[in-house]
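> Quick one: the structure is below, questions incoming.
The values are calculated or read from the model by the stated rules, or taken from the named source; none is laboratory data. If you're wondering where the values come from, they're calculated on a predicted model, not measured in any experiment. Please note: Cβ atoms are built from the backbone with ideal geometry, for glycine as well, and neighbour counts cover all protein chains shown. For the accessible areas, the whole protein counts, side chains as well, though only heavy atoms, and no ligand, DNA or RNA atoms are used. Shrake-Rupley method; radii C 1.70, N 1.55, O 1.52, S 1.80 Å.
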Amino acid sequence: KDELYEYLSYEVVSEDYTFSRRDTRFIDSDFVIPSLEDEEDLLDLNQVVLAIDVSASISDKEFHEFYHEIQYCFELLHINGFYTFFDTKVAPFLKIETKEEWEVDHAFGYGGTNFQIVFDEVKNFSKTERVKTLIMFTDGYAPWPEEIDIPLIWVINNNDITPPYGKVIRLIER
């Protein structure tokens, strides 16, 4: 749990500073102090897409582990973004806004696993929404597609699979 939270809090939700606007608290000072980017700009920068594997190899227990990991991180960090479910198809992207929207069931899926269709949908989605990071929750049992040009985190629930690219975080019950 902590590894994903730490990565998201330091790498995805970083507060950006700018010298294009001085920090007005120090306007009378001889020092030029940067100010934080506008909150609206930060929200745009914090767009993530969560892709949750609901193929036949993911049990209900594993799905709920993914769900609780996601809920833990997003409630603490208040990250904006979207989530989707996938197997050999990709469900519509849904906006992460409130806890109530996370009350989802493992209703979609139970087929094979295809990462390429997720990458294709995210590339297409990124034409209209700014996507800062793609986070794939999966067991990793699928062919590896070509690398995507968006920062990628694999949250893998075993020690058997190691993706050939992207940041890997292991979600293993201890």
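> How far apart, in nanometres, would the label points at E6 and D120 be if each is projected 7 angstrom from Cα along the Cα-to-Cβ direction?
3.8
> Which of the pairs K61/K127; K61/K123; K127/K167 have their Cα atoms more than 26 Å apart in this structure?
Correct reply: K61/K127; K61/K123.
> Next up: Could you work out the relative contact order of segment 126-174, using alpha carbon pairs under 8 angstrom and six or more residues apart, expressed as a whole percent?
After rounding, I find 33 percent.
> Which of the GluC sites (Glu not before Pro) across segment 129-166 are loop residues per DSSP, with 12 or fewer other Cβ within 10 Å? Write out the running numbers ahead of the final one.
Details: sites: E129, E146, E147; in loops: E129, E146, E147.
Those that pass, being in a loop and sparsely packed, are E146, E147.
> Which order do you get for R130, R170 if you rank them by accessible area with a 1.4 Å probe, largest at the top?
R130, R170
> Quick one: if the Förster radius is 35 Å, what FRET efficiency do Y110 and L76 give, using the C-beta to C-beta distance and rounding to 0.05?
That pair, Y110 with L76, gives E of 0.70.
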